[in-house]
1. Looking only at the range 99-129, count every residue that is part of a loop (DSSP other than H, G, I, E, B) and among the basic types (Lys, Arg) and tell me the total.
2. Can you pull out every residue in the range 50-98 that is among the polar types (S, T, N, Q) and either assigned to a helix (DSSP H, G or I) or in contact with a Leu (Cβ under 8 Å, 6 or more places away or on another chain) (or both)?
3. Would you mind stating whether Gly41 is modelled with pLDDT under 70 and assigned to a helix (DSSP H, G or I)?
4. Which pairs do you get when a residue that is free of Cβ contacts under 8 Å to residues at least 12 places away in the same chain, found in the range 85-113, comes within reach of a residue that is exposed (fewer than 10 other Cβ atoms within 10 Å of the Cβ) and in a helix (DSSP H, G or I), reach meaning Cβ atoms under 7 angstrom, with the pair 6+ apart or on two chains?
Amino acid sequence: NNGVDDVIPAPPTTDLPNFGELVGERLPNSYDFNRSGSTTGAGIGVVWPIYTAGRTTALTGASDARTQEAVADSLLDKNELYNTLIERYFKAQLAIIAAYLREDAYDTLQQTDHMAQRLFEEGFISRVD
């Protein structure tokens, strides 16, 4: 208390609990301050253990579970999008192949009709054939 009150104002103690009763003999009655240059500093650390009855572990576990659920949901969505993409790709491929087949069938029918018309005109086949 020699000159420290001039440098560090005392904090208001109206709302603070009586730490002497709570802590007991853990805090020493006096502190030695070391001065370095023109700066004086002092610090006090207080650790107040709080019993949470496992709530922090439960909240951490719930947060981890939500994270895993979100990752699983994103994987399901991603797989669903891939399945849709694959399905549409193969449907498009089948449509292209079907269009080629229809075009080939139409060309074949045109050629057959032309040949039948020529054979009818030359008299090799009857109108019914």
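1. Summing the residues that are part of a loop (DSSP other than H, G, I, E, B) and among the basic types (Lys, Arg) in the range 99-129 gives 1.
2. Thr56, Thr57, Thr60, Ser63, Thr67, Gln68, Ser74, Asn79, Asn83, Thr84, Gln93
3. no
4. Pairs that qualify, where the first residue is free of Cβ contacts under 8 Å to residues at least 12 places away in the same chain and the partner is exposed (fewer than 10 other Cβ atoms within 10 Å of the Cβ) and in a helix (DSSP H, G or I): there are none.
The values are calculated or read from the model by the stated rules, or taken from the named source; none is laboratory data. Note that the structure is predicted; figures quoted are calculated from it, not measured. Ideal geometry is used to build each Cβ from the backbone, glycine not excepted, and the neighbour counts take in all protein chains shown.
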